[in-house]
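Have a look at the structure below, then the notes.
Read-outs: derived from the displayed coordinates by stated rules, not from any lab. Because the structure is predicted, anything quoted here is derived from the model rather than measured. Cβ atoms come from the backbone with ideal geometry, glycine included; neighbour counts cover every protein chain shown.
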Amino acid sequence: MLTIAVIGGGAAGMAAALAAASRGAAVFVYERQARVGRKLSVTGNGRCNLSNRNASPAHYHGEESGFVLPALRRMDAAGTLEHFRSLGLLTVTEPDGRVYPLSNTAGSVVDVLRYALEAAGVRVETGCEVKAVRKNRGAFQLLTDAETRRADRVVVACGGLAGERFGGTSLGYRLLEGLGHSCTPLRQGLVQLRSSSPFCRSLKGIRADALARVFLGDGLLREAAGEVQFTEYGLSGPVIFELSRWALSSPGTLVSLDLVRELPEEALRELLLRRSRRTPALPLEDVFVGTVQNRIGRVLARSCGLELKKAVSDLTEAEAARLAHEAKHFTFPVIGDMGMPNAQVTVGGVRTSEFDPETLESRLCPGLYACGEILDVDGDCGGYNLQWAWSSGALAGASAAERTNA
Ligand SMILES: Cc1cc2nc3c(=O)[nH]c(=O)nc-3n(C[C@H](O)[C@H](O)[C@H](O)COP(=O)(O)OP(=O)(O)OC[C@H]3O[C@@H](n4cnc5c(N)ncnc54)[C@H](O)[C@@H]3O)c2cc1C
């Protein structure tokens, strides 16, 4: 019986193991952490945004843009949901295409995969770090702390550097380099932004709906709408993760937030002036009441240099225009990001030109496969990275089990 070793029990490794086991191979998963799916269990803020209905090569980045196509074609978002349904996991697709488990709990995804591995007879060894892989006369040897394991095929699914607390590591890159592979430069992607705005601390902890735009000088680089989270150091939240690639693309960018995207600037100005006539005694610090959160409203008034305790009846037309402009273009100069440990994904990875996209087999070392984040593929925010883990894992596992002579 063909023996397949899967190194890494994350999303991609579990998908690979299931695909290989369903084709009759004897499958072993080696996971260095105490349990499988550690990172998976914290994804999507604990909800696990496991896929996106719109998954297509346009949402992926790397040296070879078309590399993801065969894997996505073989297992697209619909196929992935069908597969999860067959494992007993129900899902909900939100209007923007993001898919979550119906239970709203990432743990459910990990659980159905764990049970499926068990049912398929996959042997999972946790707390087992693979230190090196060697190929000797057609077979592989895997070196761990305790002993040397033998395998006919090896699937490397060690993930990337991002999210160190949950298992992000460079070990996988070293393993593949030891077998002749090379990496593109690695950096953090989908990451929180640090800003020099003096208002970060006052806004800390607030979540707001906004249209966020990234500018370099006068040039608009990218925009996206949705939830923004204000933090002590700057900006976070799904929209910021999504825009981080562009915000970090060159020094001197800034993020401009439209905090009242339902109203044009002129209409907002009118609304503020009407308020000054209807509730003249209201202090200016509350002029945005009912439009944005009170703390945001006060910060906007402060950033316009207005005196907060003055009555709104004293609001001049020019001041109302300034306030409306500020609410529609509240800017945060970007001075960096929160680094690889806090990032959701690694940009860069093992060179995809060294792997066959149709099978994910190494072109340099037959019988060796790689899948998931370790490869030079990173997806947009919104379930695309896990979709890549499922699709590439399923392809690598199936190819490893189907190929007859390595
Ligand atoms: C906080 C956070 C939230 C995220 N949220 C989302 C989301 O909602 N939607 C989405 O699409 N993506 C999300 N991502 C990204 C997504 O989780 C990853 O892209 C995906 O998990 C990658 O899967 P993988 O199997 O390639 O790697 P991993 O899930 O990282 O798994 C790799 C595994 O290999 C093990 N390993 C490594 N080296 C060895 C070795 N030498 N021996 C044995 N074991 C080894 C590691 O311990 C790890 O368990 C998030 C990431 C983070 C950090």
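A few remarks follow.
- Over all orientations, region 1-121 has a Cα convex hull whose mean projected area works out to 8.2 square nanometres.
- Region 315-353 and region 88-151: distance between their alpha carbon centers, rounded to Å: 35
- Per-pair calculated FRET efficiency, R0 = 41 Å: residue 93 and residue 145 via Cβ, rounded to 0.05: 0.45
- Segment residue 119..residue 220, full-extension length gain: 31.2 nm, with 0.36 nm per residue of separation and the alpha-carbon distance subtracted.
- Region 219-235 and region 368-392 have Cα centres separated by 24 Å.
- Those residues of region 10-29 whose amide nitrogen sits under 19 Å from the label point placed on residue 137, 7 Å along Cα→Cβ: none
- Reciprocal mean inverse distance between Cα atoms of region 276-406 - Kirkwood radius, Å: 19.6
- Using the average count of surrounding beta-carbon atoms within 10 Å as a protection proxy, the listed peptides 73-81, 45-53 rank, highest first, as 45-53, 73-81.
- Within the chain: Cβ-based charge dipole about Cα centre, in debye rounded to nearest 20 (Lys, Arg +1; Asp, Glu -1): 720
- For region 150-194, the C-alpha radius of gyration sits at 1.41 times the compact-globule guess of 2.2 N^0.38 Å, with N the residue count.
- Positive dipole terminus of region 68-223, leading residue within 169, 189, 112 (C-beta point charges): 169
- Given their separation in residues at 0.36 nm each and the Cα-Cα distance between them, residue 311 and residue 402 gain 25.2 nm when the chain is fully extended.
- Length-normalised contact order of the chain in % [C-alpha pairs under 8 Å, at least 6 apart]: 26
- On the basis of the beta-carbon distance and an R0 of 60 Å, residue 274 and residue 165 show a calculated FRET efficiency of 0.75.
- The mean of 1/r over all pairs of different alpha-carbon atoms in region 194-352, once inverted, gives a Kirkwood hydrodynamic radius of 16.6 Å.
- With all pairs of different C-alpha atoms in the average, the Kirkwood value for the hydrodynamic radius of the chain is 22.9 Å.
- Of 297, 386, 397, farthest towards positive along the dipole that unit charges on Lys, Arg, Asp, Glu beta carbons give region 294-406: 297
- For the chain, the longest principal axis of the Cα atoms and the long axis of helix 238-247 meet at an angle of about 90 degrees.
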